[in-house]
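> Dumping the structure here so I can ask a few things about it.
The values are calculated or read from the model by the stated rules, or taken from the named source; none is laboratory data. Please read these numbers as outputs of a predicted model, since none were measured by experiment. FYI the Cβ positions are ideal-geometry reconstructions off the backbone, even for glycines, and counts take in every protein chain you see. We work out accessible area using only protein heavy atoms, side chains counted, and drop any ligands, DNA or RNA first. Shrake-Rupley method; radii C 1.70, N 1.55, O 1.52, S 1.80 Å.
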Amino acid sequence: MKILSIGNSFSNNSTRYLSGMAKKCGIDVETYNLYIGGCSLYTHYINALEDLFLYSFMFNGIDTHLKVSIKQALIANEYDVVTLQQASHFSFKPETYQPYTDFLFGYVKKYNPNAKIYVHQTWGYKKDSKRLADMQFATHSEMYDAVESAYDIMYNSNDFSGLLPSGKAINLLHTMGFCGADTHNDDIHLSKGLGQFTSSLAWLETLIGFCALDCDFSDFDAPVSDQAALAAKKCAHEASVWAQKYKK
């Protein structure tokens, strides 16, 4: 399976372990990410319109040091899945999604017509962080609820094939008491161990169908305890089951 993410650091976070854990499960997965830090749907739209070669091209979580455009990446390969997402600082504002979602959906279909297009649902900010307060949210879960609602609207705006529930999985971790530095590396990004592992697991089960509970991958960039790994598997599995309502 070949997966292209038109995203930013959040898609980097979510796919960090995906190819490695899929290989561990006996499945061949290649992940490609078009990376510009903080890139929004609007900026993707402008970059596509002008065919700008501004994206760092990531392959299986590693920077290739190539600069590419969205069009170049789309015509270079036949992808099974292409993902779209909003920048986190706009993710809870549904008015920021259009008309850029419509354009990008059509743009992907034009250059990679057989790819299934998925919404990548991102997550809320770190508990008690200044960035969370700046967005006028009292808690991580309050921000996540707004993000979930906005991504639901995005999903229903076009014929998307499904939704990748990274945000749901991270929010479930919070309800289990894994929060703060457990889940976040800074105010907004996922921790290099538990956070990125959980999101990658949610993608693994949602896209490939391999149950997160059965994944024994453990090659992390930062330590993850056995207790935390088990929580990650449970939350990713529950999030993937929840996301089945979006599957086509």
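> Where does the stretch 149-209 land on Rg(C-alpha)/(2.2 N^0.38 Å)?
1.22
> Tell me which residues come under 5 Å, amide H to amide H, from T83 once H is placed; ignore anything under 5 positions away on its chain.
Amide H neighbours of T83: L4, S5, I6, Y118.
> Shifting gears a bit: Quick check: the distance between the Cα centres of the stretch 213-245 and the stretch 79-139, to the nearest angstrom?
Result: 22 Å between the Cα centres.
> Something else about it: Report ³J(HN,Hα) in whole Hz for each residue of the stretch 85-90, in order, from the Karplus equation J = 6.51 cos²θ - 1.76 cosθ + 1.60 where θ = phi - 60°; Gly and Pro get x.
Karplus-based 3J(HN,Hα) across the stretch 85-90 equals 7, 9, 5, 4, 6, 10 Hz.
> Now for a separate question. What accessible area per residue comes out for the stretch 92-221, rounded to a whole number of Å², with a 1.4 Å probe?
Heavy-atom accessible area per residue stands at 39 Å².
> In deg cm²/dmol and to the nearest 500, what is the mean residue ellipticity at 222 nm of the chain if only DSSP H runs of at least 4 residues count, each as -39500 (n - 2.57), divided by the residue total?
-12000 deg cm²/dmol
> Turning to a different aspect of this structure: Taking every Cα atom in the stretch 26-70, find the radius of gyration and the maximum pairwise distance Dmax, and write them in Å.
Radius of gyration, then largest Cα-Cα span, for the stretch 26-70: 11.9, 40 Å.
> Let me ask something else. Run down the aspartates and glutamates and flag those whose C-alpha is under 16 Å from the C-alpha of K245, throwing out any fewer than 8 positions away in its chain.
Leaving aside aspartates and glutamates fewer than 8 places away in the same chain, those within reach of K245 are E148, D152, D159, E205.
> Give me the percent of Cα-Cα pairs in the stretch 181-248 that sit more than 20 Å apart, rounded to a whole number.
26 percent
> Quick one: net charge around I70, please, counting Lys, Arg +1 and Asp, Glu -1 for every other residue with C-beta under 14 Å from its C-beta.
Once positives and negatives cancel, what remains is +2.
> Of all the Cα-Cα pairs you can form in the chain, what percent are over 31 Å apart?
Considering the chain, 15 percent of its Cα-Cα pairs are separated by more than 31 Å.
> Continuing with this model, one more query. Can you tell me the relative contact order of the chain? Whole percent, Cα pairs under 8 Å, sequence separation 6 or more.
20 percent
> Ok, one more. For the stretch 31-111, what is the per residue volume of the convex hull drawn over the alpha-carbon atoms, in cubic angstrom?
Dividing the Cα hull volume of the stretch 31-111 by its residues yields 92 Å³.
> Hey, any idea what % of the stretch 58-171's accessible area is carbon plus sulfur with a 1.4 Å probe?
Ligands and nucleic acids excluded, carbon and sulfur give 51 percent.
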